[in-house]
Amino acid sequence: MPRPQHDRLHDSLRGLSIGDAFGQQFFACPENTLLRKTAVIPWRWTDDTEMACSIVRILHTHGEIEQDALATSFATRFDRGRGYGPAMVFGLLPEVRDGRPWREAAGSLFDGSGSFGNGAAMRVAPLGAFFADDLEMTAEQARLSAEVTHAHPEGIAGGIAVAVATAVAVQSADTNDVTGPRTFLEAVIPHVPQSIVRERLEYAIESLGPRSSTDRASDLLGNGGNISAMDTVPFCLWTAGRFPDDYTEALWQTVSALGDMDTNCAIVGGILAARLGTNVIPDEWHDQCESLPEWVTTPS
């Protein structure tokens, strides 16, 4: 049987935050990815973790995604020093905080097309861990969580894909149904809406073997450098499926592709910690990473 729901939720959040902070440090010294050398100063997490904390808080409070409450949490907890993208910093989150309806604000981004960035995907792994017993419920709740900030179908599809991938990772820890990236992606794809995200997950199955290198995968799928769901999610899910039982190696492989390193590692870290728990994360990584905010679980 999968681990208790709230244990999975918090393991995924911590794995996401450590992955986020782990990846973030290498923007200042990308050469250290080749040396496998980490910084000695405390690692600071980014908007990926801050927004994931809001999802966890809403699940604690409501047991499901309540969109208005989630939008309020995103807006009131917003710290522009955490590395949010311009659309969030100068648009959606301050506007929602000032009273603009979130549906209107999200729908107005990018000349009315909505955002297809990777923001819905970067924060959603804990949700997948929480609803891991039901893949259809996972996909629906992920859709609700994504819509609060990402009105574009690709942004929503990216969030759904990561959430379902997390749920599959949790389930397969007991069933051993996942034996590599192909079977992992095959279990995820049926729950992802028709989209470029889904097409690129299918392309990963067609084009990459079970032992393909990370460099090959990032060349074909992207490494998040375009800050879009389409060039972030497929690579991250392939990597999580390639190293399903090794959190540390998965993160080193993920960060070696460069690109959007904090978000890539947040996604992979959140998926694998949901599957494996946090005891698999090196002690020094726990020690070096910034603690999670108290408001995640304590009443405000």
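For residue 147, the criteria (1) within 16 Å of the chain's Cα centre (by Cα); (2) surrounded by fewer than 24 Cβ atoms within 10 Å (Cβ to Cβ); (3) under 15 Å from residue 274 (Cα atoms) hold in every case but one, which is (3).
Only residues that are in contact with a Phe, Trp or Tyr (Cβ under 6 Å, 6 or more places away or on another chain) and either without any contact (Cβ under 8 Å) to a residue 24 or more places away in the chain or not in a helix (DSSP H, G or I) (or both) were counted across region 13-31, and they come to 1. The single condition among (1) surrounded by 23 or more Cβ atoms within 10 Å (Cβ to Cβ); (2) in a helix (DSSP H, G or I) that residue 172 does not meet is (1). Scanning region 143-172 for residues that are in contact with a Pro (Cβ under 7 Å, 6 or more places away or on another chain), closer than 18 Å to residue 6 by Cα and either hydrophobic (A, V, I, L, M, F, W, C) or without any contact (Cβ under 8 Å) to a residue 40 or more places away in the chain (or both) yields 169, 170.
When the criteria are applied in full, residue 182 fails the requirement of being touching a helix residue (DSSP H, G or I) at 6+ places or on another chain (Cβ under 8 Å), in contact (Cβ under 8 Å) with a residue 24 or more places away in the chain and buried (at least 22 other Cβ atoms within 10 Å of the Cβ).
Only one of the numbered conditions (1) over 21 Å from residue 266 (Cα atoms); (2) without any contact (Cβ under 8 Å) to a residue 60 or more places away in the chain; (3) of a type in the set (D, E, K, R); (4) in a helix (DSSP H, G or I) is not met by residue 177, and that is (4).
Scanning region 270-293 for residues that are out of contact with any Ser or Thr (no Cβ under 8 Å at 6 or more places or on another chain), within 17 Å of residue 126 (Cα to Cα) and not aliphatic (A, V, I, L, M) returns 277, 278, 279, 291, 293.
One residue stands out among those in region 15-57 that are surrounded by fewer than 22 Cβ atoms within 10 Å (Cβ to Cβ) and either among the aliphatic types (A, V, I, L, M) or touching a His at 6+ places or on another chain (Cβ under 6 Å) (or both): the one that is nearest to residue 96 (Cα to Cα), which is 28. When residues in region 229-268 are screened for being part of a loop (DSSP other than H, G, I, E, B) and either within 15 Å of residue 124 (Cα to Cα) or of a type in the set (D, E, K, R) (or both), 6 of them pass.
Among the residues of region 29-84, the ones that are at positive phi and of a type in the set (Gly, Ala, Ser) come to 2 in all. Taking region 185-214 as the range and being farther than 21 Å from residue 275 by Cβ, of a type in the set (Asp, Glu) and either within 20 Å of the chain's Cα centre (by Cα) or buried (at least 19 other Cβ atoms within 10 Å of the Cβ) (or both) as the test, the residues that pass are 199, 202.
Residues that are in a helix (DSSP H, G or I) and either closer than 20 Å to residue 133 by Cβ or touching a residue at least 40 places away in the same chain (Cβ under 8 Å) (or both) within region 32-49 comprise 33, 34, 47, 48, 49, listed in sequence order. Please find, within region 1-46, the residue that is modelled with the lowest pLDDT out of those that are over 16 Å from residue 279 (Cα atoms) and among the β-branched types (Val, Ile, Thr). Result: 40.
Elements of the type helices (runs of 4 or more DSSP H) sitting completely within region 99-142 and holding at least 1 residues that are touching a residue at least 60 places away in the same chain (Cβ under 8 Å): these cover 119-122, 125-130.
The values are calculated or read from the model by the stated rules, or taken from the named source; none is laboratory data. Keep in mind that this is a model prediction, so the values were computed, not measured. We place every Cβ from the backbone using ideal geometry, glycine too, and count neighbours over all the protein chains shown.
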